[in-house]
Amino acid sequence: MRARHPEIPLLVAAAAAWVPLAVALWWPGTGGEPPGAWAAVGHPGHDGAPTPAADLAVAVPPGGAGSGALAGVAVGFGLWTLMVAAMMLPGLVPAARYAAFVSDRRRRQRTIALLAAGYAAAWAPLGVVVAVAHALAPVLVPASWWPLVVAVLLVGAALWQLGGPARRALRACHRTLPVRYTGRAADRSAVRYGWHHGVVCLRLCGPLMAAVAVAGHPLLLTVAAALVVWSQKLVRGAESARPAIATGLVLTAVVVVTG
Amino acid sequence: MSTLHQVAPDSSTAPRGRHRTAPPAYVRRDVWNLQPPGAPPHPVLSAYAAAVRALKEGPDVGHLSWTHHTQVHGMVPDPLDGLRNECQHQTWYFLPWHRVYLYHFEAICRSIIQGMPDVSDEVKDTWALPYWDYDRGPADDPARTLPLAFREPVVDGAPNPLFDDARRPGINAGNLGLGLHSTTAVAWFAEQHFTSEHMDVPTFGGPVTGFMHSDGPALGAVERTPHGDVHVVVGGPGGSMFSFERAGGDPIFWLHHANIDRLWEVWRTHVGVDPDLERLTESFEFLDVTGARRVLDWADVFDTPTLGYTYESTDVPDSVLRDRARRGIRPERPAPPIAGRGVGPDEPGDAERRAPAGPTAPPEVVAVSEAPVHLRRHGSDELDLGLGDRERRQALRATDRPADTGPERLLLVLEHITASAPPTGPYAVYAGPEQDEAAFVGTLPLFGLVESMSDAASHGLTYTFDVTEVARELRAQGRWDPASLHLSFRSFEEESGEPDQDGGEPEILVETVRLLVQGDG
Ligand SMILES: [Cu+2]
């Protein structure tokens, strides 16, 4: 099985990343526990009791600055990395299969791991930006404005989907880069391929992922975004679905604002 | 006002089998039989010239526009109208899409011809697009040069509509022909499967892909040679035929593609296994002879008689016979187990003909290049692919079996190809430093390279070769060292003795070369 499907451990890792995400964000009673985390404190329109952001309700960042804010950035970045693993690694499968089959078969998993590391590294800077923005948000933006911020980001992601850069990125997704067979050259080329692929994915999905993170990973939005990302990376003819995806994002923005 | 009507030119040319009672077919004929060296233009060619002139003088858009037919193949920027900029390359849609493309173009030309007062009734009733069979005879055979009607800029005091300035000068002059390596059928004739799920597996028609304009992941053997070679040798660097966007604007394009379409029929007659019909869900939309949008399903275009045409000849190509003679193989190679033409459930044995494609396991890589290879007009890089012990044993096993008995194959993939400027081509690839027939692997035409580098394309250009037979033959001669595969390259200029064009030389790089073993799993 592993011989023909060296990508299975990658998929297992992606599936595993959903577990801590679910526990931290959507498990009843656990939302909002870590200090400064992107706790789901419930939408202002709810009955007041803290509820996890298990639907489209946007999680408002908790107030507070100082040492809590730094911890908030750290937790936020951790959640970001988990989200990238959970949502983006399945889309890495075609690249992982290419890289694995070009490698000496005794080092296929090493190649895939290095590919994934390069890929994650490309996503890290945006994660830092999002986490810092999230930690500073309570100071800069009144809580009641937060859904509006999320809606603007969602509309921005929708417009991005329709533009030329996203279309070119979607096409570039299928390109491979040279991967060497063995030794240090194989290590370097796998990291390089992962990094390049990550940059392309960032160009394609970065705005959407940022919007989901800033919204505080509400369950429905997170799952829907994951399905969008997977379909774009894995389904033939994904280009024609772009208007539908953009429409869906705009409708989501409307729901977020009107609550 | 003429209407489209079909008349049997000769009932003996109708195919056998279930199509005996089908509508009679037009016969596409060999252009060099219509007008042999020294002969005057044949009325079929004069009628083609008249139709091309009418289209060139026609409107800017629509089915009666020459520009439209050129843009259907390639257009920048993409008009996104579902009709233009649609050509399918590096995908299993290459053959069926171009078949339907030609089908409509031919019908439109015929209807124009049928409306012309000075064309004979016989030509009006039987006119079909001719084809250019360049795989004929030795290297100096006249059939390898551009057909006579396409060479002269001026005919009878008027511009010749079949002439295109943007071809290689030697091609238009008739003193440069298509070489044996650019037209050989040996590679595609050896491919038993139309398609494969694995991009690295060479096939006749190309790998299973989505519908994609000009930028699929890998080419079928017939799309590489002769198809790509002829485009590049005729067009030359910067020429019409060397460009997706302009190729359809050279009138010889249509005779070239009629030949490629014919080779598909040759393959189906002598070699072929059609893909599973259930999987052929794609359809192709073009403007038809009335100017209306018309959709044809892939599954309906397998048999040319159902589209109303056949070919003058579907014999085994000359290059295949020559190769068998050189290697001492009896001409009467045993018939392949799954052969024959015909489509449809009413034909006996049909299910067997539609065997699923090829091995299911991906081929295994046994060696990968460590650094890019530079291709140059003179003095290209050479390359040694080193193999470890285990990989060497795998490679040897793949070449151990006697020919034609097992599915194990030794494959060569060249990918991540780039050029710093519009390239020249083709480049011949040899296994070993000695560049002779036994060591000849195939060519890299580089048709589509520029397009594949655009950010509108989703794949680079990738060539796949079956080198099992080459390795076997070199092994028998003591010239094959399984510890390392040595590759060398020779440019078109070196192969043909053509002078270099002016100006600088683009940097052409092949970043990855892989050797693979395809098992029987
Ligand atoms: Cu072509």
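Here, each number is a calculation from the coordinates, and none is a lab measurement. Please read all numbers here as calculations on a predicted model, not as lab measurements. Heads up, the Cβs are rebuilt from the backbone with ideal geometry, glycines too, and the neighbour counts pull from every protein chain shown.
Here are the numbers:
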quantity: Inter-probe distance in nm under a simple model that places probes 7 Å from Cα toward Cβ, at A:L148 and B:M116; calculated: 7.1 nm
quantity: If the convex hull is drawn through the Cα atoms of the stretch B:363-468, its volume per residue in Å³; calculated: 135 Å³
quantity: Whole-angstrom gap from the stretch B:365-398 to the stretch B:52-104, using each part's C-alpha centre; calculated: 40 Å
quantity: Neighbour-count ranking [beta-carbon atoms within 10 angstrom, fewest first] of B:S319, B:S454; calculated: B:S454, B:S319
quantity: Amide hydrogen neighbours beyond the local backbone of B:A367, cut-off 5 Å, H modeled; calculated: B:L515
quantity: Environment charge of B:L95, counting only residues whose C-beta is closer than 10 Å and scoring Lys/Arg +1, Asp/Glu -1; calculated: -1
quantity: Alpha carbon centroid spacing (whole Å) that separates the stretch A:212-236 from the stretch B:234-256; calculated: 44 Å
quantity: Calculated FRET value between B:D276 and B:D141, using beta carbons and R₀ = 60 Å, to 0.05; calculated: 0.95
quantity: Separation of the A:H5 and A:R105 label points, Cα + 7 Å toward Cβ, nm; calculated: 1.8 nm
quantity: Furthest towards positive pole of dipole, B:P142, B:C109, B:H257, structure part the stretch B:26-353, Cβ charges; calculated: B:P142
quantity: The stretch A:184-200 - phi-based ³J(HN,Hα) in whole Hz, Karplus 6.51/-1.76/1.60, Gly and Pro as x; calculated: 4, 4, 5, 4, 4, 5, 5, 4, 5, 4, x, 4, 4, 5, x, 5, 4
quantity: Rounded FRET efficiency, nearest 0.05, which uses the C-beta distance separating B:D300 from A:A124 and R0 of 60 Å; calculated: 0.70
quantity: Vicinal HN-Hα couplings computed from phi for the stretch B:368-376 (Karplus, 6.51 cos²θ - 1.76 cosθ + 1.60; Hz; Gly/Pro x); calculated: 9, 5, 9, 8, x, 9, 8, 9, 9
quantity: Cβ-derived FRET efficiency at R0 41 Å, A:V12 paired with B:D384, nearest 0.05; calculated: 0.60
quantity: Amide N of the stretch B:376-391 lying under 17 Å from the label point, which is placed 7 angstrom from the Cα of B:S484 along Cα→Cβ; calculated: B:381-391
quantity: Three-way shape label, the stretch B:75-139, alpha-carbon gyration tensor, a/c 1.5; calculated: oblate
quantity: Reciprocal of mean inverse Cα separation for the stretch B:26-353 (Kirkwood radius, Å); calculated: 20.3 Å
quantity: Shape metrics for the stretch B:190-297, restricted to C-alpha atoms - Rg then Dmax, Å; calculated: 15.2, 42
quantity: Protection proxy ranking of B:479-491, B:217-229, B:262-274 - average other beta-carbon atoms within 10 Å, highest first; calculated: B:217-229, B:262-274, B:479-491
quantity: Calculated from backbone phi, Karplus (6.51, -1.76, 1.60) coupling profile of the stretch B:149-161 in Hz, x at Gly/Pro; calculated: 5, 9, 8, 7, x, 10, 10, 6, x, 10, x, 7, x
